[in-house]
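Below is one structure; the comments refer to it alone.
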Amino acid sequence: MMNSVQNPNDPPSAEFDAYTANYNDEINKALNFSGLNIDFFARVKNDYLVDILDARMGGASKVELLDVGCGVANAHKKLVGRVGKLAGIDVSSASIEVALRRNPGIQYEVFDGTVLPFAVRSFDAAFAINVFHHVPVAQRLALVSDIRRVLRPGGLFAIFEHNPLNPVTRHVVKSCAFDKDAVLLRRQDSEALLSAAGFSAIKTRYIIAIPAAGRLLRGMDRLFSRLPLGVQYYTLGVC
């Protein structure tokens, strides 16, 4: 959850502070036609993230991980114990208050949307789930560059984003109240951002062409990963 296009006189958190109390309800309302809910998508992306860390970083359980734009931290409770250490940041102070109540053992910080409140080389990996379509286009490169700053050499950054080529995705975005000003990123946009910020070994895979709940279905979903069929995708880059 991040700041979308808004009145320049408003603080960056203003829009999402207003949606904090009913964040899950708004997303579930947009997903209602599908028979799925926000918990399903959070679980699937958790599983994909852990798979990526296991494959690329020698085991997720050893990784110090940062969630950029964590919002109310829906997915964190089920990540605890699967990764070595977890921290989250967001522009919405109201959302961070909720995250702290839900997960008192996790470090959460409010930030300005561009500069991360961490020292150089603080984390092994970072991820941002459905965040960058809310970040003003002019600020995106600065944010990705600062994410790279806090990663250790060989660190991994994963952007999970909506696939604008998928009609179901476009319907959900159009139906979601706080996505009204979203500017969706094509895979080429995400790849160009990571490249411009200095990441290497960049690749993209599409996900959730089928409801990939469980290892077997994720394996089947990966058969379509190079085709723009999934409702979302992830783009990876190495620091």
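Sort through Leu100, Leu31, Leu49, Leu36 and tell me the only one that's surrounded by 14 or more Cβ atoms within 10 Å (Cβ to Cβ), modelled with pLDDT under 95 and in a helix (DSSP H, G or I). Answer to the check: Leu31. Pairs are defined by a Cβ separation below 7 Å, a sequence spacing of at least 6 or placement on different chains, a first member in the stretch 172-188 that is farther than 21 Å from Pro228 by Cα, and a second member that is assigned to a loop (DSSP other than H, G, I, E, B); the pairs so defined are Asp181/Ser4; Asp181/Val5. Just checking, does the stretch 130-139 include any residue being closer than 25 Å to Ala182 by Cβ and of a type in the set (Gly, Ala, Ser)? Among the residues of the stretch 130-139, at least one is closer than 25 Å to Ala182 by Cβ and of a type in the set (Gly, Ala, Ser), which makes the answer yes. Tallying residues that are farther than 19 Å from Arg43 by Cα and in a loop (DSSP other than H, G, I, E, B) within the stretch 220-238 yields 6.
Among the residues making up the stretch 209-239, those that are surrounded by 15 or more Cβ atoms within 10 Å (Cβ to Cβ), of a type in the set (A, V, I, L, M) and at pLDDT 90 or above are Leu229, Val231, Leu236, Val238.
Taken over the stretch 129-157, the criterion of being surrounded by fewer than 23 Cβ atoms within 10 Å (Cβ to Cβ), of a type in the set (Gly, Ala, Ser) and under 25 Å from Gly58 (Cα atoms) is satisfied by Ser145, Gly154. Tell me whether the stretch 167-178 contains one or more residues that are surrounded by 16 or more Cβ atoms within 10 Å (Cβ to Cβ), outside any helix (DSSP H, G or I) and among the aromatic types (Phe, Trp, Tyr). No: the stretch 167-178 contains no residue that is surrounded by 16 or more Cβ atoms within 10 Å (Cβ to Cβ), outside any helix (DSSP H, G or I) and among the aromatic types (Phe, Trp, Tyr). Would you confirm whether or not the stretch 148-159 contains a residue that is under 17 Å from Ser225 (Cβ atoms) and modelled with pLDDT of 95 or more? The answer is yes; a qualifying residue exists. Phe160 falls short of the stated requirement of being in contact with a strand residue (DSSP E or B) (Cβ under 9 Å, 6 or more places away or on another chain), touching a residue at least 24 places away in the same chain (Cβ under 8 Å), within 12 Å of Val68 (Cα to Cα) and in a loop (DSSP other than H, G, I, E, B).
Right, Leu79: out of contact with any Ser or Thr (no Cβ under 9 Å at 6 or more places or on another chain), without any contact (Cβ under 8 Å) to a residue 60 or more places away in the chain and aliphatic (A, V, I, L, M) or not? Answer is yes for this residue.
Checking each residue in the stretch 61-78 for being modelled with pLDDT of 95 or more, aliphatic (A, V, I, L, M) and not in a strand (DSSP E or B) picks out only Val63. Residues in the stretch 193-202 that are out of contact with any helix residue (DSSP H, G or I) (no Cβ under 8 Å at 6 or more places or on another chain) and either loosely packed, with under 13 Cβ neighbours inside 10 Å or part of a strand (DSSP E or B) (or both): Ser200, Ala201.
Could you list, in sequence order, the residues of the stretch 110-128 that are charged (D, E, K, R) and closer than 25 Å to Met57 by Cα? Once the filter is applied, which keeps residues that are charged (D, E, K, R) and closer than 25 Å to Met57 by Cα, the stretch 110-128 yields Arg121, Asp124. Say we look at the stretch 100-121 and pick out the residues that are in contact with a helix residue (DSSP H, G or I) (Cβ under 7 Å, 6 or more places away or on another chain) and among the hydrophobic types (A, V, I, L, M, F, W, C); which of these is nearest to Val50 (Cα to Cα)? Only one residue tops the list, namely Ile106.
Can you tell me which residues in the stretch 104-119 are more than 21 Å from Ala138 (Cα to Cα), modelled with pLDDT of 95 or more and in a loop (DSSP other than H, G, I, E, B)?
Once the filter is applied, which keeps residues that are more than 21 Å from Ala138 (Cα to Cα), modelled with pLDDT of 95 or more and in a loop (DSSP other than H, G, I, E, B), the stretch 104-119 yields Ile106, Phe118, Ala119.
Taking (1) in contact with a Gly (Cβ under 9 Å, 6 or more places away or on another chain); (2) part of a helix (DSSP H, G or I); (3) surrounded by fewer than 19 Cβ atoms within 10 Å (Cβ to Cβ); (4) not hydrophobic (A, V, I, L, M, F, W, C) in turn, Ser95 satisfies each apart from (3).
The values are calculated or read from the model by the stated rules, or taken from the named source; none is laboratory data. Given the structure is predicted, the values throughout are model-derived calculations rather than measurements. Heads up, the Cβs are rebuilt from the backbone with ideal geometry, glycines too, and the neighbour counts pull from every protein chain shown.
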